[in-house]
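What follows is a single structure, written as structure tokens, with notes after it.
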Amino acid sequence: MSWGTELWDQFDNLEKHTQWGIEVLEKYIKFVKERTEIEINYAKQLRNLSKKYQTKKNSKEEEESKYTSCKAFQNTLNEMSDYAGQHEVISENMSSQIMTELIRFVQELKQERKSNFHEGRKAQQHIETCWKQLESSKRRFERDCKEADRAQQHFEKMDADINVTKADVEKARQQAQIRHQMSDDSKGDYSSVLQKFNREQNEHYHTHMPSIFQKLQDMEEKRIARLGESLKMYAEIDRQVIPIIGKCLDGITKSAESINEKQDSQTVIEAFKSGFEPPGDVDFEDFTQSIKRTVSDTSLTNTKADGKTDPKTPGKSRGKLWPFIKKNKLSLKLGATPEDFSNLPPEQRRKKLQQKVDELNKDIQKEIDQRDALTKMRDVYLKNPQMGDAGSVGQKLIEIGNNIEKLRVEVQKFESWLAEVEGRLPVRNDSSRRQSGLYETQNTVPVNNCAQDRESSPDGSYTEDQSQETEVKVTPTEFDDDFDDEEPLPTIGTCKALYPFDGENEGTISVSEGEILKVIEEDKGDGWTRIRRSEEEEGYVPTSYIEVYLDKNAKGAKTYI
């Protein structure tokens, strides 16, 4: 079946039909475009949703992410992000493989259609011109025949009339001959034009137009086939991402199966375990005796009365637990965290200190790696001065060296606190309290040495008492009220700051390079010296940051507990 033979007279309808076919293709392109926009918006919304619920750095959520349930939820969010990525792939592939190709194809189709119909109109105009020539020749032949017939009748009439002169008759005869000749010429011309028209018409309807219609038919079939291919591609693009989407869903299922409720329960224990022992029973106090009251050594009020505890029941008195709780509330109220984490229970404090030591060691390693790299660079500059200035590298090496020294001092400080918590060193002395930045003056009373008893220091930290013969006597009112002011220490010398120190931690003081200050307590072996700027400004700075000039006549630094 061919349009050229079956639809030879439907030129106008074919023109409308092919235009409709192109519009269908453009409608499909618009559909695909809107689908790509939906996919990209959906992917964007999924990514924003996943990002919204992701664990934020340096937040409480990051601390909670160690639980298997939280890890599973985070893995689910990550899988959803990958899931969103597949919808972005759908949008991108539909745009590049369908939309872009079809837009170019439609442009080519429009151009081809325009060319074919232009050629068809040209052929139609040609056959119409031939038809007009035929009609004109036919009318001229008809007119000449009529003129010849009238001329012949006039001649016969003149020839029969006796009153007409011979000359008029001859003239009429000649006029009739001329008209007959013109009629014969018009007849020949009409016959020639007719033959030409029939030949042109035959070629028009059997050769030219069928060829044009065949081109239009091929163009339309090509459009239909291309639409079918695009629909297949539309489905295939979706099908290609199904395996990956399936993997994302499998990942979510696997994450859900990885949740271990027992492990999370153990993690809760590790996160919040204080290391304390539960308090003992409260014994009966007999108030019937007017002079002497029998009170159990494990009674809470016993500690409150005389500051003594029973060595046989370590860590079970209210007097030992209460200061930690009260001090912790006080620290939270003030918004300050001691540098040595002494506001935390022993187990939690040990973890924090170990974490801090690991972080500082990593920082030291980074500085060492940078120093090694700069050292190699300096050696290269020394051997090849044209490559760079070795002096500038040397200044940087000095700065790095100072940073390493500062970090090592910090590591030593935190390791000493860590060793104290782990029981490798005796209870913190006065110097270690200085480093934590929390200082309190407490009255002490002598008690029997108890190697198993646990001491509760005024700043809220807890350590195993191995050798101390003194114990802090704590009463609730000491923490409800403000801390008592200490007696100002005398000046024992001066010092000059070699380096600037920020003094951000509580108990320290900031100094500027080259600043002259007063020394009121020298280094006790812990790497810190107590200085004073004015009556209201005093604190500790690293001994390595200052140059000390002690007064020989001054008395030693006053020590206190």
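Below, the figures for the structure above:
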item	result
Accessible surface, segment 148-241, averaged per residue in Å² (probe 1.4 Å)	66
Label-to-label distance, nm, for residues given as residue 2 and residue 121 (7 Å Cα→Cβ offset)	2.5
With all protein chains modelled, accessible area of residue 115 [1.4 Å, Å²]	70
Segment 113-152, accessible surface, carbon-and-sulfur percent (1.4 angstrom probe)	48
Gain on full stretching of the segment that runs from residue 361 to residue 168 - 0.36 nm per residue minus C-alpha separation	55.2 nm
Segment 158-290: equivalent-ellipsoid semi-axes (sqrt of 5 x gyration tensor eigenvalues, Cα, Å)	126, 21, 7
Ranking by accessible area, most exposed first, for 155, 287, 117 with a 1.4 Å probe	287, 155, 117
Fraction of alpha-carbon pairs over 13 Å apart in segment 371-412 - percent	54
Inter-site label distance for residue 263 and residue 396 at 7 Å from Cα along Cβ, in nm	4.4
Karplus-derived 3J(HN,Hα), 6.51/-1.76/1.60, for each residue of segment 168-183, Hz, glycine and proline x	5, 5, 5, 5, 5, 5, 5, 5, 5, 5, 4, 5, 5, 5, 5, 5
Solvent exposure of segment 1-138 as accessible area per residue, Å², 1.4 Å probe	64
Portion, in percent, of the accessible area of segment 1-109 that falls on carbon or sulfur, probe 1.4 Å	52
Computed label-point distance, nm, for sites residue 69 and residue 537 using a 7 Å Cα→Cβ extension	5.2
Neighbour net charge for residue 247 - beta-carbon separation under 9 angstrom, K R +1, D E -1	-3
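The values are calculated or read from the model by the stated rules, or taken from the named source; none is laboratory data. Remember, predicted model here, so these are calculated numbers, not experimental data. In this analysis, Cβ positions are derived from the backbone assuming ideal geometry, glycine residues included, and neighbour counts consider all displayed protein chains. Keep in mind that these areas ignore ligands, DNA and RNA; they rest on the heavy atoms of the full protein, side chains included. Shrake-Rupley method; radii C 1.70, N 1.55, O 1.52, S 1.80 Å.
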